1. For the chain, what relative contact order do you get, as a whole percent, if you take Cα pairs closer than 8 Å and at least 6 residues apart?
2. Please state the charge dipole magnitude for region 1-72, taken about the Cα centre, from unit charges on C-beta atoms (+1 on K and R, -1 on D and E), reported in debye and rounded to the nearest 20.
3. Expressed as a fraction of 2.2 N^0.38 Å, the rule-of-thumb size for a compact globular protein of N residues, what is the C-alpha radius of gyration of region 59-157?
4. Using a simple charge model, +1 on the beta-carbon of Lys and Arg, -1 on the beta-carbon of Asp and Glu, nothing else, what dipole does region 9-221 show about its Cα centre, in debye to the nearest 20?
5. Across region 9-221, how large is the tail of the calculated P(r) beyond 30 Å, expressed as a percent of all Cα pairs?
6. Quick one, could you list the DSSP H helices from the chain stretching 24 Å or more along their long axis (Cα atoms) with average Kyte-Doolittle hydropathy of -0.5 or above?
7. Under a point spin-label approximation (7 Å from Cα along Cα-to-Cβ), what is the Asp228-Glu30 distance to one decimal in nm?
8. Please list, by residue number, every one of the trypsin sites (Lys or Arg not before Pro) in region 213-297 that is coil in DSSP and has at most 11 other beta-carbon atoms within 10 Å.
Amino acid sequence: MKNYERLKGMIAATFTPMHEDGSLHLEMIERYADYIAAIGVSGVFVCGTTGESLSLTVNERKLVLEKWIQYAKGRFRVIAHVGCNSQVEAMELARHAMESGAYAIGAMAPSFFKPQSVADLVAFFTPIAKSAEDLPFYYYNMPSMTGVSLSVAEFLIEGKKNMPNLVGVKYTHNNLMEMGECLTLCDGTFEVLHGYDEILISGLAFGAIAGVGSTYNYLPQVYQGIFDAMEKNDLVTARKLQQKSIDIVKVIIKYGGGVRGGKAIMRYVGVDCGPCRLPIHPFGEEEYECLQKDLEANDFFNKKV
C-alpha cells in the first residue's frame, strides 16, 4: 500500500447531490468539497449509505468519485465505497477508485444473497480488495442495512490472510463489546472507524480515534468538540455535546432518517444536495419549513459549542 496512514478524526459520509428529477448534480460537488475543506474534516466517504450508493448505477458512482477526487485538491482524503451485490461490479469500482486516485476503498457485504459464514464473506471480498491492492481496504459492517451479522473479529483475522491491504472496519453497529474486541485484536493491528454518530463517545472511550458519519456534514463543531473533550478526558463536555448530537438525530429520524432528513438539512448549510432518489420520496416546501422550525427549536443554527 502506498502512503498508508491511519485515519483520524472526522470522516464525513457524503450525500450525492441530485437535481429535482433525480439526475446527478455533479457541479454541486465543487461547492460541497470547498465546504468540507472549510469545516475541517479529515476525509470523505463517498457513495456509501448516505450517498445512496445502491440507488446509483456503476457509471454514476464513478462520476461522483471522480468529481470528489478532482475537487478535494489534496485538502482531505477521499475514500470510495465500492460495495455492490455484484462482486464483478464491486471489482470494477475498486479498480476505478485506485486508478482515479482515491486514498482507500470500503465495501459493505452483499445484501440480497447474503454470505452465510465468515469464509463466504472473505471469499466475496478477496477479489474486490485485490482489484485495488495498492489501497487500504475497510470492511463496512452495517448489519441494520445488509442483514449480515457475522463475527467482525473473525473476519479481520481470516481476511488478513487473503487480503494484505485489509486494514480495518467501518463499524456501524451498536454491539460495543464486539467493537472493543476489534480494537484490541492482534495488539491493535486493525483500524476501527466508529459509525454511529449518536454514540460517538462510546467508541472513543473504547479507543477509536476516527469516525465516519453523515451528521459530521452539518454538525462538525459538535463532533470535533466531542473528539477534543474525550482526548482531554473531559466527560462532562463530551456528554453535553453528545446530547446535542442526539437531539438533532431525533429530528432527522422524524423526517425519514439520516439519508432523507440529513440530505434536506444540507440546504441550511449552503450546500443544497437536492432530493433523494426514489424510493425515498422527496421533501416538499411545507416539510422544509417544519424541518427548519424543528432545527431552530434544537439550537441547530447556533454554531457555538
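FYI, it's all coordinate maths here, none of it is from the lab. Keep in mind it's a predicted model, so treat the numbers as computed, not measured. Every residue, glycine among them, receives a Cβ derived from its backbone with ideal geometry; neighbour counts consider all protein chains shown.
1. Computed over the chain, the figure is 19 percent.
2. So the dipole magnitude of region 1-72 works out to roughly 460 debye.
3. Against the empirical 2.2 N^0.38 Å value, I get 1.07 for region 59-157.
4. With Lys and Arg at +1 and Asp and Glu at -1, about 280 debye.
5. 16
6. 235-254
7. That separation, rounded to one decimal, is 3.3 nm.
8. Taking region 213-297 and a limit of 11 other Cβ atoms within 10 Å, the loop trypsin sites (Lys or Arg not before Pro) found are Lys232.
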